[in-house]
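Taking it in order: structure first as structure tokens, then the write-up.
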Amino acid sequence: MADPLLSISGLEAGYGEIRVLWGVDLTVGKGEIVCLVGSNGAGKTTLLRAISGLVKADKGSIVIDGGEIAGGGPEVALSSGIAHVPEGRRLFRTMSVKDNLLMGAYLRVGEDKAVAADLDRVMTMFPRLAERRNQDAATLSGGEQQMCAIGRGIMSRPKLLMIDELSLGLAPTAVDMLSDSLKEINATGISILLVEQDVMSALDLASRGYVLDRGRITMSGTSAELAAAPEVREAYMGVA
Ligand code: ATP
């Protein structure tokens, strides 16, 4: 694996009295695409929310690029280079596409020229957003909303882009298009941590992966190893 960008060890987190994550260890190397798979309720979203500071870490460590961020909250995570594309995209529905994208850069005060250049870059990467730049986000198709949410993520110039359920509710052609965009984003040096229900397409995109089961990492390996593992094939791909 490449030098670590994100190193999580012994992470425990949950909601009040309810513990969801039980000692999670996970690493994303610089420049890597890593996927996290697991059944409904396994704790995948909670793990992403803990990394981005939205859920408090009760125990353990979350280090990004050498700096500890556990306990720092969302602003520390964002300013340390973590962008989170949440499940369901969570766009501002009555704001334009352009303004939604600019929300991703809200911490980049005094960087107007660089922000404008990055906005152009996102519009070039996603021509459908460029055509709809002044439309309300609510008028976008599901695939276009996911493009907008990913674009908003990269407007913060992250080191790590985390995406929760890339393909949920989208047509296969939209998923293919978004997968190509993620490869393009990754080629610019941004590491990606992808949570995905569609295990086959996640392993296709990622070079390594982790399986989360009831709040614990139960398997990890290269995508080829996981795709060949009988436990993964039976539980998540519906094949023996
Ligand atoms: P899914 O694929 O269904 O989104 P997931 O693997 O992302 O599942 P989480 O959403 O992290 O799983 O949920 C893990 C557990 O935490 C579940 O038992 C869920 O009920 C619980 N949970 C999630 N959000 C909250 C919350 N805000 N308050 C209390 N419990 C929660």
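The values are calculated or read from the model by the stated rules, or taken from the named source; none is laboratory data. Being a predicted model, the structure only gives us computed values, none of them experimental. In this analysis, Cβ positions are derived from the backbone assuming ideal geometry, glycine residues included, and neighbour counts consider all displayed protein chains. Areas reflect the complete protein model, heavy atoms only, side chains present, ligands, DNA and RNA absent. Shrake-Rupley method; radii C 1.70, N 1.55, O 1.52, S 1.80 Å.
Things worth noting here:
- Under-5 Å amide H pairs with D58, H placed in peptide plane, nonlocal only: E12, A13, G14
- Heavy-atom SASA rank of R93, R233 (probe 1.4 Å, accessible area, largest first): R93, R233
- Rounded accessible area of K59 (nearest 10 Å², 1.4 Å probe): 120 Å²
- The dipole here belongs to the chain: it is taken about the Cα centre, uses +1 on the Cβ of Lys and Arg and -1 on the Cβ of Asp and Glu, and is about 440 debye.
- Pair-distance distribution of the stretch 21-68: all C-alpha pairs, bin width 5 Å, starting at 0; shares per bin in whole percent are 5, 17, 29, 28, 17, 4, 1.
- Per-residue ³J(HN,Hα) for the stretch 178-192, Karplus 6.51 cos²θ - 1.76 cosθ + 1.60, θ = phi - 60°, Hz, x for Gly and Pro: 5, 4, 5, 5, 5, 5, 5, 5, 4, 5, 7, x, 8, 7, 10
- Sorting Y210, Y106 by solvent-accessible area of protein heavy atoms yields Y106, Y210, largest first, with a 1.4 Å probe.
- Note that the stretch 204-216 has calculated 3J(HN,Hα) couplings of 5, 7, 8, 8, 9, x, 10, 10, 10, 9, 6, x, 10 Hz, one per residue in order, obtained from phi through the Karplus relation 6.51 cos²θ - 1.76 cosθ + 1.60 (θ = phi - 60°); glycine and proline are x.
- A simple rule links phi to the HN-Hα coupling: the Karplus curve 6.51 cos²θ - 1.76 cosθ + 1.60 with θ = phi - 60°, which for the stretch 222-230 gives 5, 4, 5, 5, 5, 5, 8, 6, x Hz, with x for Gly and Pro.
- Rolling a 1.4 Å probe across the protein heavy atoms gives the stretch 19-77 an accessible surface of 38 Å² per residue.
- Look at the dipole of the chain built from charges on Cβ: of V24, A42, G110, the Cα furthest out on the positive end belongs to G110.
- 28 Å Cα-Cα threshold exceeded, pairs from K98/K159; K44/K183; K44/K98; K44/K113; K113/K159; K59/K98: K44/K98; K44/K113; K59/K98
- Dimensions in Å of the stretch 19-135 - Rg and Dmax from alpha carbons: 16.5, 46
- Free of any GluC sites (Glu not before Pro) that DSSP assigns to a loop and that have at most 13 other C-beta atoms within 10 Å, the longest stretch within the chain is 112-240.
- Label-point separation in nm, R128 to D99, each point 7 Å along Cα→Cβ: 2.3 nm
- With Cα atoms defining each centre, the stretch 157-233 and the stretch 25-84 are spaced 15 Å apart in the structure.
- Cα→Cβ-extended label distance, 7 Å offset, between T173 and T188, nm: 2.6 nm
- Based on Cα atoms of the chain, Rg over Rh with Rh as the Kirkwood radius reads 0.96.
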